[in-house]
Structures are given as structure tokens and as C-alpha cells.
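What follows is a set of notes on a single structure, which appears directly below.
The values are calculated or read from the model by the stated rules, or taken from the named source; none is laboratory data. From a predicted model like this one, the values you see are computed outputs, not experimental measurements. Here the Cβ positions follow ideal geometry from the backbone for every residue, glycine too, while neighbour counts run over all protein chains shown. Quick note on the areas: whole protein, heavy atoms, side chains included, nothing else; ligands and nucleic acids left out. Shrake-Rupley method; radii C 1.70, N 1.55, O 1.52, S 1.80 Å.
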Amino acid sequence: MTIERIIRIMAGFFILLSLALGIDGSPIFVSKWFLAFTAFVGLNLLQSGFTGFCPPEKLLAKLGVKRSNGGGCCG
């Protein structure tokens, strides 16, 4: 698995989890403040798209996870 794929999985997981914890109708609702985490992840994805800076990418690279071969979003 590549860095890019892991980051997409992490972002999707955090968004879904924070929505589940922050929406009233959810069986695991805790507080509406979890929606702020959803916004944080979205803003981080947005700034990463513009700047190319992504802290988890740096961490995963140091842990030895390989980068993609540049084959696009499914590569």
C-alpha cells in the first residue's frame, strides 16, 4: 500500500467517524463538536491540494511506506 492510498483511507475514516459521532441521529452520537473535526479534515485536504504540504505524508515516509509510481488516483 502506498502513502497516497493510506492518506485517502485515513481522511475518509476520520470524516465518517466524526460525522457518526457528531450527528444527532447516529447511534454513537457524542457531541455536535465532532463536526468541527470533520471541518478540520476537510480544510486540511483543501490546503494540501493547493500547497502539497501534508504532515501524515512526511510521517509515513519516515516509517518507510513507499510512494505511488505516479499512476494517478488509482496507481
Q.
Run the reach check for LYS32 against aspartates and glutamates, Cα to Cα strictly under 14 Å, same-chain hits fewer than 8 apart removed. What comes back?
A. ASP24
Q: Give, as a single signed number, the net charge of other residues whose beta carbon lies under 12 Å from the beta carbon of ILE3, with Lys and Arg counted +1 and Asp and Glu -1.
A: +4
Q) Where the only charges are on Cβ atoms (+1 Lys, Arg; -1 Asp, Glu), what is the dipole of the chain about its Cα centre, to the nearest 20 debye? A) 280 debye
Q) Fully extended, how many nm does the chain gain between VAL65 and PHE29 (0.36 nm per residue separation, minus their Cα-Cα distance)? A) 9.6 nm
Q) For the chain, what is the accessible area per residue in Å², given a 1.4 Å probe and the full set of protein chains? A) 73 Å²
Q. Given the Cα-Cα distance of THR51 and PHE14 and 0.36 nm per residue of separation, how much length would full extension add, in nm?
A. 11.2 nm
Q | Hull shadow area, averaged, the chain [alpha-carbon convex hull, nm²] | A | 5.8 nm²
Q.
What is the sum of charges, Lys and Arg at +1 and Asp and Glu at -1, for the other residues whose Cβ falls under 15 Å from the Cβ of SER68?
A. +2
Q) Any idea which of PHE40, ALA61, ILE23 is furthest toward the positive side of the dipole for the chain, if Lys and Arg beta-carbons carry +1 and Asp and Glu beta-carbons -1? A) ALA61
Q) Tell me, what % of the accessible area of the chain is carbon and sulfur with a 1.4 angstrom probe? A) 71 percent
Q. Can you pull the three principal axis extents for the Cα set of the range 21-61, in Å, largest first?
A. 36, 20, 11
Q. What list of ³J(HN,Hα) couplings, whole Hz, do you get for the range 37-54 from phi and the Karplus terms 6.51, -1.76, 1.60, once you set θ to phi - 60° and write x for glycine and proline?
A. 5, 4, 5, 4, 4, x, 5, 5, 4, 5, 5, 5, x, 7, 9, x, 8, 9
